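> Dropping the structure in here first, questions after.
Please treat every number below as a calculation from the coordinates, not as lab data. Just so it is clear, the structure is predicted and the values come from calculations on it, not from any experiment. Here the Cβ is made from the backbone with ideal geometry for all residues, glycine too, and neighbour counts use every protein chain on show.
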Amino acid sequence: MAVGTDAWGELLELARDLRAELDDHARSAAGLPEGPAPELPPPPPMVSAGGGRGAAARREGGPPAAAPRRPEPRPAPDPASIPGIHPAGLAAAPARPPSPVPHRSPRSAAERGEVLRAIREDLGDCQRCRLASGRTTLVFSDGSPDAKVMFVGEAPGADEDRRGVPFVGAAGQMLTDIIENVLRIPREEVYIANVVKCRPPGNRDPGADEVETCGPFLMRQIEAVEPLILVALGRFAVQTLLRSQAPISRMRGRFHRFGAGISLMPTYHPAYLLRNPADKRLVFEDMVMVRGEYERLTGTTLPPVRSRRGG
Ligand code: SF4
């Protein structure tokens with residue numbers, strides 16, 4: 001039987017009312033809040049008596065549509081059961097402590113100094129390799145036995161050989177500027193040493209046999225100081241410490257793991273920077289990363305980088 005337009009309108013109105021009533025019942029049974037329900041697909045159009053929903057679907061050209069289902073309501077989660085959430089709430093959660101430093105033993109500065117003195121005594125008037133014959137002074141180290149940052153260069157130069165202290169002269173002054181103006185740590189609070197302790201003639205690279213002979217003393221120095229961060233200065237020190245032949249340009253700019261967890265930053269040697277001042281920018285970037293790592297590992301904040309004008 002055909003249904004007139006007015007009758008269709010009344011039936012649709014009735015269907016909407018019925019739908020709204022059913023929704024209200026469902027909402028109150030589920031414990032949902034009062035208010036308009038989320039937008040749902042419109043109910044399928046009602047048809048004349050005897051037609052049923054199947055007839056409506058046939059008129060739309062598709063199968064009978066399934067009624068939409070509401071999801072089952074879930075109880076609110078207990079914050080204490082969520083990993084990382086303190087039972088008393090986020091505001092009461094304790095601040096995260098700085099990363100532990102598992103590789104650093106609780107030895108005092110005096111104890112570290114004792115170990116270093118013993119290493120120096122072991123070296124004595126060392127004649128273990130060819131470099132002994134050309135040196136004026138054996139250059140052991142400079143700085144604090146309790147340093148958190150340790151710098152390692154290649155070998156003493158002429159100034160160092162004369163004075164018995166690593167990194168003096170023009171390159172040494174540049175290193176001091178980097179330490180004190182970028183890291184903002186007094187030079188006497190870091191530790192400085194070289195891969196070999198005696199000056200190679202003509203400032204040549206140390207030979208493999210010389211590194212093999214002298215290198216263990218550097219390793220003992222690193223073990224005594226237990227720095228949090230090692231800065232390897234120049235290709236030779238980088239390649240020796242990391243046992244890699246990769247060029248320094250590919251190694252710098254990121255930390256490498258050394259030993260039991262020391263962060264090692266490769267960078268250019270200050271003597272190289274004297275010849276290539278344009279690359280000071282790269283060393284600055286590396287030292288800014290060292291600052292960040294120092295602050296992260298120690299849980300302290302360093303003073304801001306000091307500009308050349310002393311700002
Ligand atoms: S370079 Fe090292 S091993 Fe060689 S003589 Fe000097 S201290 Fe001894």
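> If you take the beta carbon distance between residue 302 and residue 118 as r and set R0 to 41 Å, what does 1/(1 + (r/R0)^6) give as a FRET efficiency, to the nearest 0.05?
0.80
> Sticking with this one: For segment 194-206, just list the computed ³J(HN,Hα) in residue order, Karplus coefficients 6.51, -1.76 and 1.60, θ = phi - 60°, integers in Hz, with x standing in for Gly and Pro.
Result, ordered by residue: 10, 5, 10, 9, 10, 5, x, x, x, 6, 5, 5, x Hz.
> Let me ask something additional. Looking at segment 199-311 only, what percent of DSSP beta bridges run antiparallel? Nearest 5 please. Please report the intermediate quantities before stating the final value.
Working: 3 of 8 bridges.
Bridges in segment 199-311 are about 40 percent antiparallel.
> Right, another one. Cut-off 17 Å, label point 7 angstrom out along Cα-to-Cβ of residue 107: give me the residues of segment 246-274 whose amide nitrogen falls inside.
It comes to 259-262, nothing else.
> Gain in length, residue 127 to residue 158, computed as 0.36 nm per residue apart minus the alpha-carbon separation, to one decimal in nm?
Numbers: separation 31, 0.36 × 31 = 11.16 nm, distance 1.93 nm.
Gain in length upon complete extension: 9.2 nm.
> Right, here's the next one. Hey, can you grab everything whose amide H is under 5 Å from the amide H of residue 151? Only 5+ residues off in sequence or another chain; H modelled, so Pro and N-termini drop out.
So residue 151 has HN proximity to 191, 192, 193, 231.
> Further question: Can you say what percent of the DSSP beta bridges in segment 128-297, counting only those with both residues inside, are antiparallel? Round to 5. Each step should come with its number before you reach the end.
Working: 5 of 18 bridges.
In segment 128-297, DSSP labels about 30 percent of beta bridges as antiparallel.
> Can you compute log10 of I(q)/I(0) for segment 128-297 with the Debye formula, treating each Cα as one identical point scatterer, at q = 0.15, 0.18 Å⁻¹?
-0.77, -1.16
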